[in-house]
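*Asks:* The structure is given below, and queries will be raised subsequently.
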Amino acid sequence: MRVLAAMSGGVDSAVAAARAVDAGHDVVGVHLALSRMPGTLRTGSRGCCTIEDSRDAWRAAEKLGIPYYVWDFSERFKEDVVDDFIAEYEAGRTPNPCMRCNEKIKFAALLEKALALGFDAVCTGHYARVDRDADGHPELHRASDWAKDQSYVLGVLTEAQLEHCLFPLADAPTKAAVRAEAAERGLSVAKKPDSHDICFIPDGDTVGWLAEKIAMEPGEIVDETGATVGEHAGAQAFTVGQRRGLKLGRPAADGKPRFVLSIEPKQNRVTVGPERLLAVDEIRGIRISWAGRPIPDAVVDPATGASARFPVLAQVRAHGDPVPATAQVVTGDDGDHRLVVILDESLRGVAPGQTVVLYQGTRVLGQATIDTARSLAAV
RNA sequence: UCCGCCCUGGUGUAAUGGCAGCACCCCGGCCUUUGGAGCCGUGGAGUCUAGGUUCGAGUCCUAGGGGCGGAA
């Protein structure tokens, strides 16, 4: 196959590219430039797409003896990821930019260009597996190393995208083994720290960064009874489940910490309360996508406007535990499909804008963007 | 303008006259391809003021300041 290896400049994508070469593919390395302005991405151990990273990727490509290019996707990245990130926070929601990037950039803009240039697949260093069912349709599964498994952030991929994905690290036993392999191969990035945090926020100060993009107004922080307990500099800077940074002068009567329960940007109000009020067991999602063929139970019956109810494992954060649940696709008033997930056990800190990914065993069924999350017990 | 109770980090509270503790909060670290959460820390911050008793005072005494409460 002709394979385009996306090389971030980190260990994983370098080893993945190396494995693709070993597998006999015709590999070309490409690094995505996501910002034209130096200093607007996290650097050093933090970011994933800086100038230094492109140099690391280039050195790795050279070591592997493959052609190497840098493609500028800064425009698309700004429109589809950064601007979306800002708009979501403005609306009082909590976006997941990494998923947007996978959905719109790495496996969309990049993949489209690769296919147009005659490549058969895009190879990345994600820890996830693509299997084929009996009919040859792709299925997305968790990686062997559950500790590093990244199938959650790939839950947005569609069947068409999965058709062209190559994840050579699917069977990597551990991250340490990947690093060891990188060292053996003489890759200079073997000991490079993992990337984390949001790549386009240079110093990791998300609130400070948002404050420059969004007009924020001071407002009230109220508790679950409606009593004013403090004030904030802008409701958009908060997220459901947040504990730190509330700067409430007075502790709660019971001396327990308080968490953000909800954000109402229109009223510019933030509501806080005790941990138990964070528990939710019904999650409703919009913008559903299926990672491969939807399972038969998830197909909406035109007669009823709803699918069957089917058992799943629901995961609401990249490294959260999946919890048993029952899912159903229903048709909303606007004709759009909605995902309704009833959890067997409640979860805390589920913020609108985040992503719920559905699994059955190791298989990723699909995902939806969380629209609402609530407790079914009377409030 | 008589009597009683109270005053401890930013906040809420502990301490038979014997090292001022706990919680919230804040800060730092760990974790993490999102936000948060979680975990760790010898981290930050306090006895209203002035005297007195005592080997030793947050604690007892006196005066002052501040806050509650008392059918005249």
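*Asks:* Restricting to the range A:2-27, what's the tally of residues that are part of a strand (DSSP E or B) and either in contact with a helix residue (DSSP H, G or I) (Cβ under 7 Å, 6 or more places away or on another chain) or buried (at least 24 other Cβ atoms within 10 Å of the Cβ) (or both)?
*Replies:* Qualifying residue count for the region: 5.
*Asks:* Can you pull out the residues in the range A:72-96 that are under 17 Å from the mean Cα position of the chain (by Cα), within 13 Å of RNA strand B (Cβ to nearest atom) and more than 26 Å from A:Glu163 (Cβ to Cβ)?
*Replies:* A:Val82, A:Phe85, A:Ile86, A:Glu88, A:Tyr89, A:Arg93, A:Thr94, A:Pro95
*Asks:* Restricting attention to the range A:333-356, and to residues there that are under 20 Å from A:Ser289 (Cβ atoms) and without any contact (Cβ under 8 Å) to a residue 12 or more places away in the chain, which single residue is nearest to RNA strand B (Cβ to nearest atom)?
*Replies:* Ranking the candidates gives A:Asp334 first.
*Asks:* Continuing with the same structure: When residues of the range A:140-161 are filtered for being more than 13 Å from RNA strand B (Cβ to nearest atom) and assigned to a loop (DSSP other than H, G, I, E, B), how many remain?
*Replies:* So the count comes out to 2.
*Asks:* Oh, and also: Whether any residue in the range A:266-282 is touching a helix residue (DSSP H, G or I) at 6+ places or on another chain (Cβ under 8 Å), of a type outside the set (A, V, I, L, M, F, W, C), in a strand (DSSP E or B) and under 20 Å from A:Val156 (Cβ atoms) is what I want to check.
*Replies:* So far as the range A:266-282 goes, no, none of its residues is touching a helix residue (DSSP H, G or I) at 6+ places or on another chain (Cβ under 8 Å), of a type outside the set (A, V, I, L, M, F, W, C), in a strand (DSSP E or B) and under 20 Å from A:Val156 (Cβ atoms).
*Asks:* Also, I was wondering about something else. Within the range A:293-301, does at least one residue satisfy the condition of being free of Cβ contacts under 8 Å to residues at least 40 places away in the same chain and more than 24 Å from A:Glu159 (Cβ to Cβ)?
*Replies:* Within the range A:293-301 (the criterion being free of Cβ contacts under 8 Å to residues at least 40 places away in the same chain and more than 24 Å from A:Glu159 (Cβ to Cβ)), the answer is no, since none of the residues qualifies.
*Asks:* OK, next. List every residue pair whose Cβ atoms sit under 8 Å apart, with the two residues 6 or more apart in sequence or on different chains, where the first one lies in the range A:172-198 and is under 19 Å from A:Asp145 (Cα atoms) and the second, anywhere, is assigned to a loop (DSSP other than H, G, I, E, B) and among the hydroxyl-bearing types (Ser, Thr, Tyr).
*Replies:* A:Ala172/A:Tyr127; A:Ala172/A:Ser144; A:Pro173/A:Ser144; A:Pro193/A:Ser45; A:Asp194/A:Ser45; A:Ser195/A:Ser8; A:Ser195/A:Ser45
*Asks:* Ok, one more. Let me confirm something: among A:Gly241, A:Gly249, which residue is in a loop (DSSP other than H, G, I, E, B) and more than 25 Å from A:Pro324 (Cα to Cα)?
*Replies:* Among A:Gly241, A:Gly249, only A:Gly249 is in a loop (DSSP other than H, G, I, E, B) and more than 25 Å from A:Pro324 (Cα to Cα).
*Asks:* Let me ask something else. Can you tell me which residue in the range A:162-207 is surrounded by the most Cβ atoms within 10 Å (Cβ to Cβ), limited to those that are of a type in the set (Gly, Ala, Ser) and within 10 Å of RNA strand B (Cβ to nearest atom)?
*Replies:* Ranking the candidates gives A:Ser195 first.
*Asks:* Do you know which residues across the range A:209-238 are in a strand (DSSP E or B) and hydroxyl-bearing (Ser, Thr, Tyr)?
*Replies:* Residue satisfying the conditions is A:Thr228 alone.
*Asks:* Just give me the residues in the range A:97-120 being buried (at least 19 other Cβ atoms within 10 Å of the Cβ) and away from RNA strand B (no atom under 16 Å from the Cβ), in sequence order.
*Replies:* A:Ala114, A:Phe119
*Asks:* While we're on this one: State which residue pairs qualify: first residue closer than 14 Å to A:Ala182 by Cβ and inside the range A:1-13, second residue of a type in the set (Val, Ile, Thr) and part of a loop (DSSP other than H, G, I, E, B) in any location, beta carbons under 9 Å apart, and separation of 6 or more residues or different chains.
*Replies:* Between residues of the range A:1-13 that are closer than 14 Å to A:Ala182 by Cβ and residues that are of a type in the set (Val, Ile, Thr) and part of a loop (DSSP other than H, G, I, E, B), the close pairs are A:Met7/A:Thr124; A:Ser8/A:Thr124; A:Gly9/A:Thr50; A:Asp12/A:Thr124; A:Ser13/A:Thr124.
*Asks:* Condition check: surrounded by fewer than 19 Cβ atoms within 10 Å (Cβ to Cβ) and under 27 Å from the mean Cα position of the chain (by Cα). Does A:Glu159 satisfy that?
*Replies:* yes
Results for (1) in contact (Cβ under 8 Å) with a residue 40 or more places away in the chain; (2) within 24 Å of the chain's Cα centre (by Cα), shown as yes or no for each residue.
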position: A:Ile214; (1), (2): yes, yes
position: A:Gly219; (1), (2): yes, no
position: A:Val222; (1), (2): yes, no
position: A:Ala227; (1), (2): no, no
position: A:Phe238; (1), (2): no, yes
position: A:Gly255; (1), (2): no, no
position: A:Arg258; (1), (2): no, no
position: A:Leu261; (1), (2): no, yes
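*Asks:* Additional query: May I ask you to say which residue of A:Asp254, A:Asp301, A:Asp281 is within 12 Å of RNA strand B (Cβ to nearest atom) and among the acidic types (Asp, Glu)?
*Replies:* After ruling out the rest, the residue left standing is A:Asp254.
*Asks:* Which residue pairs have Cβ atoms closer than 9 Å, lie 6 or more positions apart in sequence or on different chains, and pair a first residue in the range A:308-328 that is within 23 Å of A:Pro97 (Cα to Cα) with a second residue that is charged (D, E, K, R) and buried (at least 17 other Cβ atoms within 10 Å of the Cβ)?
*Replies:* Here the result reads A:His319/A:Asp149, each pair linking the range A:308-328 to a residue that is charged (D, E, K, R) and buried (at least 17 other Cβ atoms within 10 Å of the Cβ).
Each reported figure results from applying straightforward, stated rules to the coordinates on display, with no laboratory input. The model shown is predicted, which means the values in this text are computed figures rather than measured ones. Note that we place each Cβ from the backbone using ideal geometry, even for glycine, and neighbour counts take in every protein chain shown.
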